[in-house]
Structures are given as C-alpha cells and as structure tokens.
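See structure below.
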Amino acid sequence: MEVFNQRLEQEYNASVILTTPTVPYKAVLSSAKLIKEYKEKEITIINPAQFPDKSKVTEYLEPVVLGTVVTPTEYTGKVMALCQVETVGFSPSEQCLLKLIFYSIPSAEKMASARRAIQKNMVFIDENRVMLKYLFPLNEIVVDFYDSLKSLSSGYASFDYEDAGYQTADLIKMDILLNGNIVEELVTVVHREKAYTVGKTICERLKDSLPRQLFEIAIQAAVGSKVIARET
C-alpha cells in the first residue's frame with residue numbers, strides 16, 4: 001500500500017487519504033411506502049453515506065462472525081481485554097473465574113481496545129494453551145484486530161472466524177466535516193456507544209495528516225446536527 005501511495009504522489013502529484021473498510025449493514029424499513037419504493041422490506045447498505053435515518057427503519061442489523069482464538073495461557077487476560085468479554089452460557093463459578101481474569105487488566109487498556117465481543121466458550125487445550133470462542137461484530141475485526149492480537153501475544157496467538165449471520169445493533173451514521181462541509185468519503189457507520197471514541201480518533205488523525213494552512217481548519221465529527229468531537 002505504501003508503494004501504491006508513493007507512486008500516486010510521485011507520478012500524479014496526488015495525495016491519498018486511506019479510509020477504513022466498511023461492511024454491509026442491513027436496515028428493516030418501517031413503512032409500506034418505503035417498502036414499495038425499495039421493493040423489499042430489508043435493504044442492504046454498502047455506502048455509509050446512504051445509511052437511512054432512524055425514522056425510516058424499524059431496526060438496523062450488522063454482520064457478525066464466530067471467531068476462534070488459540071493462545072498461550074499467559075496471554076488469556078490480555079486477549080479477553082482486547083475482545084471486551086461478555087460471558088453468556090457459563091455457570092456462576094465459570095463466570096467468576098472469567099471476571100477475575102478480565103478485571104485484572106487495567107481499565108484504560110480495556111476501554112481502548114473494546115470490540116463488543118460476546119464470549120461463547122473457553123477450553124483449555126492443555127496446560128499451556130487455551131481456545132476462546134467469541135461472537136464478534138464484523139466491523140470490529142476488519143481493520144486492526146489481527147495485528148493487535150499478534151502484538152499482545154508476542155505473535156503466538158492465532159485467529160480464525162466464520163460467518164454467523166446478522167444481529168440487531170444500535171448503529172448511527174457519523175459525518176466528518178471540514179470547515180462545516182461534509183466529506184462524503186469519510187462518512188462512517190459506528191455503534192452508538194463508540195461514536196465519541198471513533199470520532200475523536202478520526203479528527204486527531206486528520207489534524208496530523210492534513211497539510212498546514214495559513215487559516216484555521218475546523219475538523220468535526222457529527223451525529224446528525226450534534227458535533228461530538230472537534231480539532232483545529
């Protein structure tokens with residue numbers, strides 16, 4: 001990718017901004033008029049800029065995958081912090097053990113890397129290795145999850161996943177504005193609870209990457225008409 005960017009800059013004098021990959025979301029339409037317009041009740045959204053307003057839909061759906069992580073036991077707590085574990089289907093004693101491991105990780109590290117995963121299973125393969133199964137929202141693993149997993153496990157952990165359909169999610173469209181103008185290429189869909197974190201991160205990175213000007217450039221992340229993050 002770096003070679004590709006360099007050639008564009010050298011041969012065409014074109015600067016490139018890489019945006020995060022998106023995943024196909026779905027929306028269940030709320031009225032017969034909209035269903036007639038789209039010719040189906042459930043529509044698929046590929047372009048975040050075309051994400052429909054909440055007033056037009058009954059619910060949003062996001063793709064999920066069943067992920068399997070195999071890691072040395074000494075990295076179990078860090079892997080759980082990376083995935084932001086929720087225990088489902090475990091006995092009270094198993095949940096107590098999982099929470100003891102999980103809460104031994106600093107809260108700042110958990111908050112910075114939360115992936116909204118739900119833990120489905122945990123099996124000790126032998127005395128040195130453990131296998132963890134999680135239900136992940138697909139958009140939480142498409143960017144840097146694998147690199148983060150390898151980094152925190154010193155390269156020893158492995159990750160594999162399979163399609164697990166769709167689930168209901170509290171999704172919102174977040175606009176990125178430069179001096180009050182929406183940049184359509186940077187519009188993204190995020191989970192409501194992560195909107196501020198994602199918006200602040202994008203604004204900070206844009207501030208560092210945009211060429212300096214003789215005038216102030218306001219970089220904002222907004223949900224609807226509400227600005228949730230700003231850099232200048």
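Summary of values
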item	result
Of the criteria (1) open to solvent by 30 Å² or more (accessible area, probe 1.4 Å); (2) of a type outside the set (Ser, Thr, Tyr); (3) under 28 Å from Pro48 (Cα atoms), which one Lys150 fails	(3)
Leu178 vs. criteria at pLDDT 90 or above, within 19 Å of Ser15 (Cα to Cα) and in contact with a helix residue (DSSP H, G or I) (Cβ under 9 Å, 6 or more places away or on another chain)	yes
Selection from region 58-77 of residues that are surrounded by fewer than 20 Cβ atoms within 10 Å (Cβ to Cβ) and of a type in the set (D, E, K, R)	Glu59, Glu74
Some residue of region 199-211 being part of a helix (DSSP H, G or I), surrounded by 17 or more Cβ atoms within 10 Å (Cβ to Cβ) and over 17 Å from the mean Cα position of the chain (by Cα)	yes
Of residues in region 20-48 being part of a loop (DSSP other than H, G, I, E, B), touching a strand residue (DSSP E or B) at 6+ places or on another chain (Cβ under 8 Å) and open to solvent by less than 80 Å² (accessible area, probe 1.4 Å), the one nearest to Arg205 (Cα to Cα)	Thr22
Close pairs from region 4-16: first under 21 Å from Leu206 (Cβ atoms), partner open to solvent by 100 Å² or more (accessible area, probe 1.4 Å), Cβ under 9 Å, at least 6 apart	Asn5/Ser15; Asn5/Leu18; Leu8/Ser15; Glu9/Ser15; Val16/Phe4
Residues of region 191-209 classified as without any contact (Cβ under 8 Å) to a residue 24 or more places away in the chain and closer than 16 Å to Leu178 by Cβ, total	2
Only listed residue being at pLDDT 90 or above, in contact with a helix residue (DSSP H, G or I) (Cβ under 7 Å, 6 or more places away or on another chain) and charged (D, E, K, R), chosen from Lys41, Lys26	Lys41
Some residue of region 155-170 being exposed (fewer than 14 other Cβ atoms within 10 Å of the Cβ), assigned by the TED database to the domain that holds Val130 and without any contact (Cβ under 8 Å) to a residue 24 or more places away in the chain	yes
Candidate set: region 124-147, residues that are part of a loop (DSSP other than H, G, I, E, B) and touching a residue at least 40 places away in the same chain (Cβ under 8 Å); chosen: the one surrounded by the fewest Cβ atoms within 10 Å (Cβ to Cβ)	Glu127
Extreme residue, nearest to Tyr60 (Cα to Cα), among residues of region 148-172 that are charged (D, E, K, R) and not in a strand (DSSP E or B)	Asp170
Every residue from region 212-232 that is under 21 Å from Ala14 (Cα atoms) and surrounded by 10 or more Cβ atoms within 10 Å (Cβ to Cβ)	Ile217
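The values are calculated or read from the model by the stated rules, or taken from the named source; none is laboratory data. Keep in mind the model is a prediction, meaning the values are calculated, not measured. Neighbour counts are summed over all protein chains in view; Cβ atoms, including those assigned to glycine, are modelled from backbone coordinates with ideal geometry. Side chains are part of the model used for accessible areas, which takes the heavy atoms of the whole protein and leaves out ligands, DNA and RNA. Shrake-Rupley method; radii C 1.70, N 1.55, O 1.52, S 1.80 Å.
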